[in-house]
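Accompanying notes for the structure given below.
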Amino acid sequence: MKDSDEPLVTWGYHPSFYGSLTKADLDKISTTRPVLAWLRSCHEIVLNTKALNKYGINQAFIKTWGETPQKQSNFAEGRLREQGMFAVAPKIATVLATPEKLETGLKIMRDYMHSKGITFGNEPGGILVKQLQDAVNSVMSGNDMPFRWSFIADGKTLCDKYKDDAKVLEEAGKLENWYYGKTSLSKNQIKLFSDGAIYSQLMQVREPYLDNHHGEWMTDKEVFERAFRIFTGCRISITHSCKW
C-alpha cells in the first residue's frame, strides 16, 4: 500500500479456527495506519489503536450507547460485536466499503445473479442509511438493471431511532421514496433481527456451549415487543433467527 494513511481493511478472519484477535494483534501490524479486521460472521469487527482514534471511537462515545451494545463491545481489545458493531457502523461504513468498492461489488453481484437466471429478489432489512441506499440504487435502479429488487424495512433500526411509536410508523412509510425504477419497498412488511451470528457462535442455544460462553441478542426483548406492537397488521419477517 503506497499511501501510508490508507486504511488496511480485511474480511474473513475466523477466531474459531485461528484464535482470538484483538487490538494488540493489529497494533503489531501497524501503529500508524488504521487497520480494521471485519470478522467472518460480518457481525464483529476489530480495530487497531490508530483506527479507534482516527474514527472517534472512544470510551466516551461508547457510553452514549444503550446497555446491550456497551456489553457487546470491548474497547480495551478494540472489539465490537452484534449491537456494538451496528452502533459503530455509521463511523466506519464508508471505510469498510468505499463508493468505488461498493459499486464494483454491486455490479459483480448483479451480473452473477443475472447469469443464474434470477428475475426478482429481495433484501430483508439492512442498515437504514440513505447515502448507502442511494449508492445501491445507482447500480440496481436503472434501466440497465436486468431484474427487479425489493427491500423490506428494518424495524429494529426504526424502533431504535425513534422513541415515539407514531413516528416509527410515519418514518417507515417515508421509506417508499427511497426507491425507484427497478428497486422498490415491500409494502406492509417489516424485518426484525433476533439473535447473533452462527459463524461467531453468538447465536442463542438451548444447551450451553461446550466452553460455557453464551450467545447474544441483536434485539433486546423490550424493543422486540415494542416492534410487534407498533407493526400490528404488517407482515413481520424474523429472518435473522438462528437459535437452536
In the range 21-53, how many residues are in contact (Cβ under 8 Å) with a residue 40 or more places away in the chain and of a type in the set (S, T, N, Q)?
-> 2
Reported set for the range 4-52 where residues are within 19 Å of the chain's Cα centre (by Cα) and surrounded by fewer than 16 Cβ atoms within 10 Å (Cβ to Cβ) is 10, 11, 12, 14, 42
Which of the following residues is over 30 Å from residue 159 (Cα atoms), under 21 Å from the mean Cα position of the chain (by Cα) and loosely packed, with under 12 Cβ neighbours inside 10 Å: 67, 100?
-> 100
Taking the range 85-104, which residues are among the small types (Gly, Ala, Ser) and either under 15 Å from residue 9 (Cα atoms) or in contact with a His (Cβ under 7 Å, 6 or more places away or on another chain) (or both)?
-> 89, 93, 97
Name the residue, out of 46, 139, that is touching a Lys or Arg at 6+ places or on another chain (Cβ under 9 Å), modelled with pLDDT of 95 or more and assigned to a helix (DSSP H, G or I).
-> 139
Could you grab me the full set of residues in the range 105-136 that are crowded, with 17+ Cβ neighbours inside 10 Å, touching a Lys or Arg at 6+ places or on another chain (Cβ under 6 Å) and either more than 27 Å from residue 236 (Cβ to Cβ) or of a type in the set (Phe, Trp, Tyr) (or both)?
-> none
Scan of the range 169-206 for residues that are of a type in the set (Val, Ile, Thr) and within 23 Å of residue 88 (Cβ to Cβ), ordered by number | 198
Mind counting the residues in the range 205-244 that are closer than 23 Å to residue 162 by Cα, among the hydrophobic types (A, V, I, L, M, F, W, C) and modelled with pLDDT under 90?
-> 1
Answer yes or no as to whether residue 88 is without any contact (Cβ under 8 Å) to a residue 60 or more places away in the chain, in a helix (DSSP H, G or I) and aliphatic (A, V, I, L, M).
-> yes
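The values are calculated or read from the model by the stated rules, or taken from the named source; none is laboratory data. From a predicted model like this one, the values you see are computed outputs, not experimental measurements. Glycine also receives a Cβ, built like all others from the backbone with ideal geometry; neighbour counts cover every protein chain displayed.
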